[in-house]
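What follows draws every value from the coordinates through simple rules; no lab data is involved. Source: prediction; values computed, not measured. Backbone-built Cβ (ideal geometry, glycine too); neighbour counts: all protein chains shown.
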Amino acid sequence: MSAESGGENFTQYIQHHLTFWNAPEHASALASLHVDTLIMSCVLGSIFLFWFGWFARRATSGVPGKGQAFVELALEFIDGQVKDAWHGSRKFLGPLALTIFFWILFMNLMDVLPVDLIPAAAEATGAEHFRPVPTADVNMTFAMSLSVLILTLFYGMRAKGIGGYIKGAVSHPFVSKNIFMKVLLAPFNILMFTIEMVTQPVSLALRLFGNIFAGDLLFMLIAGLMTHFISLWYPIGIIGYVAWSFVELLIILIQAFIFMYLAVTYIAMAQQQH
Amino acid sequence: MEQLIALIQANTAIAAGLMIGLGALGACIGMGVMGSKYLESMARQPELSPMLTGRMFLLVGLIDADFFISLAIAMFFAFANPLLTSALTHAAALPH
């Protein structure tokens, strides 16, 4: 980026950073894949798995090393949160919460890296565009929240039986003892159930996406200021980048935690008996 | 055509200002109400404060989220306006 007259080039810089690596190229939105999102999320998920698996396999009951102590600390923190929300077996929910939390945390952490670092490296090896933050892609967050929805339905049905689950959907939240009133209230109950099942994944996905996308965009804007090399904007850009990094770190942690917490709450809620 | 582009720019600026301003207003009111209640309840029962602090940060994230969504959309429209881009491509295609 050379020193230029701002305006047009600044917008081009932002738009360049907002474009995904689409494959196959020029395909319609429904027929193409965001390769950058797929690569980054798979790599970060594998890093989490290998990191935690490494320490889990060589865990000792003696004096733990620093790495093992950190993994144990993280595990106990997540387990405590799940214990608060759900009093039954944590055989599945605990590992699920741990995976969700650390996967989202790792993906969000790509936000704090300099905006041009990974894209420049990827573009040097031939990619046209590269967006390194998978959670700033609405496809990624919706994929995760829809997976949570499927798990919610599955665990609800497993806990109450398919018939019991449908009965719960038809007869709650408006309850009546009279058989006539039951039939009358059934459509409203089904409507409420549908609304709940739609708003849960949508709010879960859009909350994460909105936060990380806004943070990412602000980083891009600040980095855009720094493209005016010999001007007053350059030091302001550096200060702004550092300051916003601190705010963003807090947001990243809170959003990863909220996604994990709400996913556990939804799955726990579906299993509770009325 | 210049008039149309100026119209899009002016309306986008107003919309972005409203989105950020109203979003910040709502988030600030919500945060203030929650913060005051948090301090009140912590003063009443100090032994609950670790649990309350966790819950407070959860709510901070929930309250912040809506503001950040509107901020993101406003920033997107301010700096990479798709409406303006389509108008500009139409203008470039017009014979002069």
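Values for this structure:
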item	result
Within 10 Å of each Cβ in A:243-255, the average number of Cβ atoms from other chains	2
For region B:30-39, Karplus couplings with θ = phi - 60° (6.51, -1.76, 1.60), whole Hz, Gly/Pro x	x, 5, x, 4, 5, x, 5, 5, 4, 5
For B:81-87, mean number of other protein chain Cβ atoms within 10 Å	1
Order by protection proxy (mean Cβ within 10 Å, highest first), peptides A:57-63, B:60-66	B:60-66, A:57-63
Radius of gyration, Dmax [region B:32-96; alpha carbons; angstrom]	22.7, 75
A:W51/A:S147 FRET efficiency (R0 25 Å; Cβ-Cβ; nearest 0.05)	0.70
Per-residue mean of C-beta atoms belonging to partner chains within 10 Å, peptide B:66-74	6
For chain A, the spread of Cα positions along each principal axis, largest first, Å	78, 57, 36
Additional length obtainable on full extension of the chain from B:N11 to B:S86, 0.36 nm per residue less Cα span	25.5 nm
Cα centroid of region A:142-211 to Cα centroid of region A:32-93, whole Å	29 Å
Over 28 Å between alpha carbons, listed pairs A:K177/B:K37; A:K91/A:K160; A:K91/A:K177	A:K177/B:K37; A:K91/A:K177
Value of relative contact order over region A:13-127, rounded to a whole percent, pairs C-alpha under 8 Å and six or more apart	22 percent
Inter-label distance, nm, simple model (7 Å from Cα along the C-beta direction), A:H26/A:I166	5.0 nm
Rg to Rh, two decimals, where region A:122-255 supplies the alpha carbon set and Rh follows Kirkwood	1.25
Förster radius 35 Å - calculated FRET efficiency between A:S176 and B:L48 (Cβ-Cβ, nearest 0.05)	0.40
Normalised contact order of chain A, rounded percent, pairs of Cα under 8 Å and 6 or more residues apart	28 percent
Max mean-square fluctuation residue, GNM over chain A, Cα-Cα springs under 10 Å, options A:F180, A:F259, A:F20	A:F180
Choice from A:A97, A:A122, A:A69 showing the highest fluctuation, given a GNM over chain A with Cα pairs closer than 10 Å	A:A69
Most fluctuating residue given options A:G156, A:G126, A:G53, as computed from a GNM of chain A linking Cα atoms under 10 Å	A:G126
